[in-house]
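Everything below concerns the one structure shown next.
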Amino acid sequence: MRDEARAPVLYSFRRCPYAMRARLALVISGIRCELREVSLKDKPESMLAASPKGTVPVLIAPDGAVIEESLDIMHWALGRHDPEGWLERDDPDLVARNDTAFKFDLDRYKYASRHGTDPQVHRASGLMFLRDLEARLSRTNWLCGAARGFADAAILPFVRQFAAVEPDWFKTQAMPRLSSWLAGFLASPLYAAVMTRIRPWQPGDAILVLGAEEER
């Protein structure tokens, strides 16, 4: 890997939707980044020293700056290189709805026993947000136009998680445009690039480059 000392470092967890959307933006930006997969039961001391809150994703920029929020990591990466114009296709209000009301329902649907909630109530509430996405996608191929953009990358990982709770039930819902949008994302090379299975990072491990082509 070239310029290893100056490469950003991303602490991530493969299935976390926040970490997933950060990885999506980093890969699209073409920024070569050292990926460190985190075990949530045994978080690296180096990550906790940089970000005591202890949640992923955490990006350590080449200048030493610590970026602790996934949307900030997306903006950081795309602000440096945005070859697909993702920043032009954003909807901050829609992303905020995803990150607040929909995420609230998603957690209480997926982890009902942990929260002591009725999963059916939160499934129904979350479905209202998805139907709003369906209505938008009936007018455009992606959430903000004819091509994928920031809003899609920011929201798709959470829709993926919702759909996976009860996949058979999800398939019975009359949301053909949303289902096609999700399926296209899951079948894309971009999704494959950010979902490689790797073991949790340990100090001294060989450097793993996120989204890099095979070294020759």
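For this structure, a couple of remarks:
- Count - residues of region 204-216 that are within 19 Å of the chain's Cα centre (by Cα) and of a type in the set (Lys, Arg): 0
- Arg14 being within 13 Å of the chain's Cα centre (by Cα) and in a loop (DSSP other than H, G, I, E, B): yes
- Residue list for region 79-94, filter: under 9 Å from Phe150 (Cα atoms) and surrounded by 14 or more Cβ atoms within 10 Å (Cβ to Cβ): Trp86, Leu87, Arg89, Asp90, Asp91
- Scanning region 165-203 for residues being over 16 Å from the mean Cα position of the chain (by Cα), assigned to a helix (DSSP H, G or I) and small (Gly, Ala, Ser) gives a total of 2.
- Selection within region 51-63 - of a type in the set (Gly, Ala, Ser) and under 16 Å from Arg80 (Cβ atoms): Ala61
- Scanning region 141-164 for residues that are buried (at least 20 other Cβ atoms within 10 Å of the Cβ), of a type outside the set (A, V, I, L, M) and not in a loop (DSSP other than H, G, I, E, B) yields a count of 5.
- Any hit, region 38-45, residues being without any contact (Cβ under 8 Å) to a residue 12 or more places away in the chain, out of contact with any helix residue (DSSP H, G or I) (no Cβ under 8 Å at 6 or more places or on another chain) and crowded, with 16+ Cβ neighbours inside 10 Å: yes
Bear in mind these aren't lab numbers, they're just calculated from the coordinates by the rules spelled out. No experiment lies behind these values; they were computed from the predicted model shown. Don't worry about glycine lacking a Cβ; one is built from the backbone with ideal geometry, like all the others, and counts go over all protein chains shown.
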